[in-house]
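What follows is a short report on a single structure.
The values are calculated or read from the model by the stated rules, or taken from the named source; none is laboratory data. These numbers come from a predicted model, not from an experiment. Here Cβ is always computed from backbone atoms with ideal geometry, including for glycine, and neighbour counts include all displayed protein chains.
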Amino acid sequence: MGFEPQIVGFLCNWCSYTGADLAGTSRIKYQPNVRVIRVMCSARIDPTFVLKALAQGADGVLICGCHPGDCHYSEGNYKALRRYPLLKRLLKDLGVDDDRVRLEWVSASEGRRFADVVDDMTEKVRRLGPSTVRVG
Ligand code: FES
C-alpha cells in the first residue's frame, strides 16, 4: 500500500469549519487525510501549533480561515496572513519543504472549495512523501 499523508487541519469555527461541515452534509467526496482541529479564528493558530503538529508526525498542516474582510473578529485572518510568510521562512530555515504547510480561505458556503483544497493538498503532500521532521 502506498504512502497516505497525515495532514492536520486547523479550521476557524465561523467559516472554514462550517464549510467543511457543508462538504460533509452535501456528501461531497474528498480525501480522508485531514484531521480537523477547530479553532475560533485563524488568528488563534500560533506558529508553534504548526511546528508541534509536524514534530509529532504530521506530514502536512492546513490552515483555513474566513476570506479577508469576513473574519468574525474583524482582523484575525489578516493576522494569520501576516504570520504565514514568517512561518514559511522558518520552515525553510529548518529544512522543511514549505509546501507541507498551506493557508487557505474557505467560507461557510464553500463546501466544494474545502473538498478541492483537501484533495489538492493531499496530492501535493503525497508527492513530497513522508515528512522527516518527526521528533522523538
Ligand atoms: Fe474565521 Fe477569524 S473567524 S478567520
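Go through region 100-136 and count every residue that is among the hydrophobic types (A, V, I, L, M, F, W, C), in a strand (DSSP E or B) and closer than 16 Å to residue 15 by Cβ. Number of matching residues: 2. Can you tell me which residues in region 73-99 are charged (D, E, K, R), more than 9 Å from the ligand (Cβ to nearest atom) and in a helix (DSSP H, G or I)? Matches in region 73-99: 82, 83, 88, 89, 92, 93, 98, 99. Among the candidates 24, 57, 9, 2, the residue that is out of contact with any helix residue (DSSP H, G or I) (no Cβ under 9 Å at 6 or more places or on another chain) and of a type outside the set (Phe, Trp, Tyr) is uniquely 57. On the stretch given as region 60-82, residues that are buried (at least 19 other Cβ atoms within 10 Å of the Cβ) and over 11 Å from the mean Cα position of the chain (by Cα) total 5. For first residues located in region 54-70 and on the phi > 0 side of the Ramachandran plot, partners that are of a type outside the set (A, V, I, L, M, F, W, C) and more than 10 Å from the ligand (Cβ to nearest atom) and lie 6+ apart or on another chain with Cβ distances below 8 Å form the pairs 57/6; 57/131; 57/134. The residues on offer are 61, 39, and the sole one that is of a type in the set (Val, Ile, Thr), modelled with pLDDT of 95 or more and within 17 Å of residue 100 (Cβ to Cβ) is 61. Reported count of residues in region 1-56, each being touching a strand residue (DSSP E or B) at 6+ places or on another chain (Cβ under 9 Å), under 20 Å from residue 123 (Cα atoms) and surrounded by fewer than 19 Cβ atoms within 10 Å (Cβ to Cβ), is 4. When region 40-72 is filtered for residues that are near the ligand (Cβ under 9 Å from one of its atoms), over 16 Å from residue 111 (Cα atoms) and not in a loop (DSSP other than H, G, I, E, B), the ones remaining, listed by number, are 42, 43, 44.
Within region 1-39, the residues that satisfy the criterion of being more than 16 Å from the ligand (Cβ to nearest atom), within 15 Å of residue 117 (Cα to Cα) and over 14 Å from the mean Cα position of the chain (by Cα) are 23, 24, 28, 29, 30.
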